[in-house]
Each structure stands twice: as structure tokens, then as C-alpha cells.
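Sharing a structure below in C-alpha cells format, with a few things to ask.
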Amino acid sequence: MKVIKSALTGYCHGVSETMRKANSCLTLAEKKNLNCYSIGQLIHNTDVSTYYEKRGLKIIRKPEDAEPGVALIRAHGIPQSLRQDFGKRGFILEDATCVNIKKTQKIIIEDCKAGRALVLLGVRSHAETLCLQGTEDPSRPGSVIPLNLVSNEEDLKALFVSVEKSQPVTIVVQTTFEQGLYEKLSSLIMEHYPDCKKGNGLCGACLKRKKAAEDLCSICQAVVVIGGFNSENTKDLAKYIQKRGRRVYCVENGSDIDSDFEEDIRRNGIETIGVCSGTSTPSEIIDHVCERLESIN
């Protein structure tokens, strides 16, 4: 089997920063003889999350879940009220919120102050979406800035009823939202509201990975996408490749390259296969998947 790896794989900057701060949290917790936590799954990669859990980084969701200790705010961020609750409870917080999400929060605050209605395109209950929905108004401490959440075309009906057509509107988006859906929904919203603008865009690292994957599609019969099955950017990457007419295999690690996988490869006569990954997939997992693929006769 000929295997061609994407020109862009491994962690994005935001995930790399999360990993660096996870190590810092563990060191600080050990120094202070405290428990260490991640507020939500560390990253959308089961192998990596399990490794850090074994090292002592326990997953919690809210401050009532455990005794105070050192807690990591992962790349997706958390609502401001939850951050405050952890602080009041006595947790030492280490913040790894992605800079792109912080920029989006700044846009939300500025455009709210300017009197613009805010529309958030995002996956309902996704950690980043919840973080953005929890953005507080600095002029009114404790008051959350209202965002109109749109996850699909059906949600547009409620939006068009609740926000008058004459109202200035700003669209912000969950940075890992599905690209095709983002483009469709934002176009429909901008068509409806005369004074409408886009406040931020999709994650640049994810878009670059798609371009690299597109290059693979031109020279490979199929593409393996490596990443957590609960990772939005990984799922969107797979959809992007499928739309370009290539067979896609989604795996989390090398153990997913099993006998059924190999049989499907042979049945479809695949001799050249590409490999790409989501932003939370470490290089060692990618290398192992490549080795497993290369061993297929």
C-alpha cells in the first residue's frame, strides 16, 4: 500500500498550548499537593485524554464535582459565570482558551455595545458554543450578552421572527463549525438583513488542513482521516473530502486499521491512500496509522 501523508498534520497552535498548560497544571498541582483537573475532556482525542488522566488530570464539569485544586480551562473555553464559580470555590485556574475564541468574545462585546444584534452559528451544546453564549457584558457585571443561536436552516425561522429586519446584525461563528453549513447559513442571513456583517470566521488552521487534504484527493484513491469521533473539525474535514469524490475512512488510532478495514481496502482496489488529521491528533498516532497502512498487502 502506498501511503501519502498530508503536508499539514499534528496539533494546531491552540491544542499545543493546551498540552503545554496541562503539563504546567500537573507540575503546579504536585508542587502544592493539590488535585489536578481538566474542565471537560482535555482535547478531542481519547488516547491523549486517557494518558493525562492516568497522570492525574481528572475530568470535571463544574466546581461541585470535586475538591478544589488546579483546574485547566481547555481550548474551547468556558462561560464567564462558570469561571467565576470555580474561582469562588477556591480552584486555581490555568487558562488555555484559544486566542481565536477570545477574539470572538471581544467582537461580541464590542458589537453589543454598538447596538447590533448578534447571531451565533454553532453546534448546540458544543463547548465553544457554550463559552461564547456565556460572554458577559462588562458594563453590566453578571449579565450575559444575548446571542441568537442558529445551528441549522430550521433555526432561521425563529431568528427572522425575533430579530427585526431593520436591526443591524453581526454574525459570529463557532470556529470549528461545518464550513459548507456556515457558508449557506451566513449567506441566507445576510440576504435577509440589509445591515449585516460577519464578525469572525472559521479556524484558519482547519481551513489550511482542508486545502492540504484537497491536494491529497488529486493523487489518492481514498483518504484516512485521523481524529476523535467527537471532534467537529475532524468530522468537517471528512465531509470536505467526501464532497471531492474520494472514499473516506475515519479512525481514531492504529487499532482501527483492523481486518475489516483491510478487507474493504482490497475489495475497492485501493493502492494509494492519503492520510490527514484533525487538530487534536498527535504525530505519534499519525505515524502509527501510516505504518499500519503501509503493512497492508
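The values are calculated or read from the model by the stated rules, or taken from the named source; none is laboratory data. Remember, it's a predicted structure, so these values are computed and weren't measured experimentally. Quick reminder, even Gly has a Cβ in these numbers, built from the backbone with ideal geometry, and neighbours come from all protein chains shown. These area figures cover heavy atoms from the full protein model, side chains too; ligands, DNA and RNA do not enter into them. Shrake-Rupley method; radii C 1.70, N 1.55, O 1.52, S 1.80 Å.
Need one number: % antiparallel among DSSP beta bridges in the chain, to the nearest 5.
Numbers: 1 of 37 bridges.
Beta bridges within the chain, antiparallel portion: roughly 5 percent.
Would the stretch 125-175 count as rounded, prolate or oblate if I go by the C-alpha gyration tensor, calling it rounded below 1.5 in a/c and otherwise prolate when a/b exceeds b/c, oblate otherwise? Don't jump to the answer; show the numbers that get you there.
Numbers: a/c = 2.32, a/b = 1.28, b/c = 1.82.
Oblate, since a/c reaches 1.5 and b/c is not below a/b.
Once the piece of chain linking residue 267 and residue 188 is laid out straight, how much longer is it, given 0.36 nm per residue of separation minus the C-alpha distance between them? Working shown, then result.
Working: separation 79, 0.36 × 79 = 28.44 nm, distance 4.24 nm.
Separation in residues times 0.36 nm, less the Cα-Cα distance, equals 24.2 nm.
Which trypsin sites (Lys or Arg not before Pro) from the stretch 82-139 combine a DSSP loop assignment with at most 13 other Cβ atoms within 10 Å?
Working: sites: 83, 88, 89, 102, 103, 106, 113, 116, 124; in loops: 116, 124.
The qualifying sites are 124.
Quick one: if the Förster radius is 30 Å, what FRET efficiency do residue 260 and residue 103 give, using the C-beta to C-beta distance and rounding to 0.05?
Values: r = 43 Å, r/R0 = 1.45.
Here the calculated transfer efficiency is 0.10.
Could you pull out the longest piece of the chain with no exposed loop GluC sites (Glu not before Pro) in it, calling a site exposed if DSSP puts it outside H, G, I, E, B and it has at most 14 other Cβ atoms within 10 Å? Intermediate values should be presented prior to the final figure.
On the way: sites that count: 153, 164, 271.
Of all site-free stretches, the longest is 1-152.
A further question on this structure: Using the Cα centre of the stretch 100-197 as origin and beta-carbon charges of +1 (Lys, Arg) and -1 (Asp, Glu), tell me which of 121, 196, 105 is placed farthest towards the positive end of the dipole.
Among 121, 196, 105, the one farthest towards the positive end of the dipole of the stretch 100-197 is 105.
Spelling out what I want: for every residue of the stretch 67-80, take phi, set θ = phi - 60°, compute 6.51 cos²θ - 1.76 cosθ + 1.60 (Karplus), and round to whole Hz; glycine and proline get x.
Once rounded to whole Hz, the list reads 5, x, x, 8, 10, 9, 8, 6, 4, 5, x, 9, x, 4.
Could you tell me whether the stretch 135-277 comes out rounded, prolate or oblate from its Cα gyration tensor? Rule is a ≥ b ≥ c as square roots of the eigenvalues, rounded for a/c under 1.5, then prolate if a/b exceeds b/c, otherwise oblate. Before the final figure, lay out each step's value.
On the way: a/c = 3.04, a/b = 2.36, b/c = 1.29.
Taking the square roots of the gyration eigenvalues as a ≥ b ≥ c, the stretch 135-277 is prolate.
Over all distinct Cα pairs, what is the inverse of the mean 1/r for the stretch 182-239, reported as the Kirkwood hydrodynamic radius in Å?
13.7 Å
Find the accessible area per residue for the chain; the probe is 1.4 Å, ligands and nucleic acids are left out, and the unit is Å². Before the final figure, lay out the partial values.
Numbers: 14060 Å² over 297 residues.
Spelled out: the 1.4 Å probe surface of the chain, per residue, equals 47 Å².
Right, here's the next one. What residues have an amide H closer than 5 Å to that of residue 250, excluding those fewer than 5 places away on the same chain, when H is modeled at 1.01 Å from N in the peptide plane?
Here the answer is 225, since their amide H atoms fall under 5 Å of that of residue 250.
In addition: Would you grab the residues whose amide H sits under 5 Å from the one on residue 37? Only those 5+ places off in sequence or on another chain, please, with H modelled 1.01 Å from N.
58, 70, 71, 72
Does the chain come out rounded, prolate or oblate by the C-alpha gyration tensor, with a ≥ b ≥ c the root eigenvalues, rounded set by a/c under 1.5 and, if not, prolate when a/b is larger than b/c and oblate if not? Show your work: numbers first, answer last.
Numbers: a/c = 2.72, a/b = 1.22, b/c = 2.22.
Taking the square roots of the gyration eigenvalues as a ≥ b ≥ c, the chain is oblate.
List the Cys residues of the chain that have no partner Cys with a C-beta closer than 4.7 Å.
Flagged as lacking a Cys partner: 12, 25, 36, 98, 112, 131, 196, 217, 220, 250, 276, 290.
Taking θ as phi - 60°, what are the ³J(HN,Hα) couplings along the stretch 180-189 by the Karplus curve (6.51, -1.76, 1.60), each to the nearest whole Hz, with x for Gly and Pro?
Per-residue couplings from phi come out as x, 5, 4, 5, 5, 5, 5, 5, 5, 5 Hz.
Run the accessible area of the chain with a 1.4 Å probe and give the carbon-and-sulfur part as a rounded percent.
Of all accessible area on the chain, carbon and sulfur atoms account for 48 percent.
For the stretch 130-194, state which trypsin sites (Lys or Arg not before Pro) are in a DSSP loop and have at most 13 other beta carbons lying within 10 Å of their beta carbon. Let's see the in-between values first.
On the way: sites: 157, 165, 184; in loops: 165.
Filter output for the stretch 130-194: 165.
If you don't mind, there's one more thing I want to ask. Under the rule of -39500 (n - 2.57) per DSSP H run of 4 or more residues, summed and divided by the residues of the chain, what mean residue ellipticity at 222 nm is obtained, to the nearest 500 deg cm²/dmol?
Mean residue ellipticity at 222 nm (helix-derived): -13500 deg cm²/dmol.
Here's another thing I want to ask about it. Rounded to whole Å, give me the distance from the Cα center of the stretch 80-136 to that of the stretch 229-297.
34 Å
Using only Cα atoms, figure out Rg for the stretch 66-218 and give it as a multiple of 2.2 N^0.38 Å. Write out the running numbers ahead of the final one.
Numbers: Rg = 16.9 Å, N = 153, 2.2 N^0.38 = 14.9 Å.
Rounded to two decimals, the normalised Rg is 1.14.
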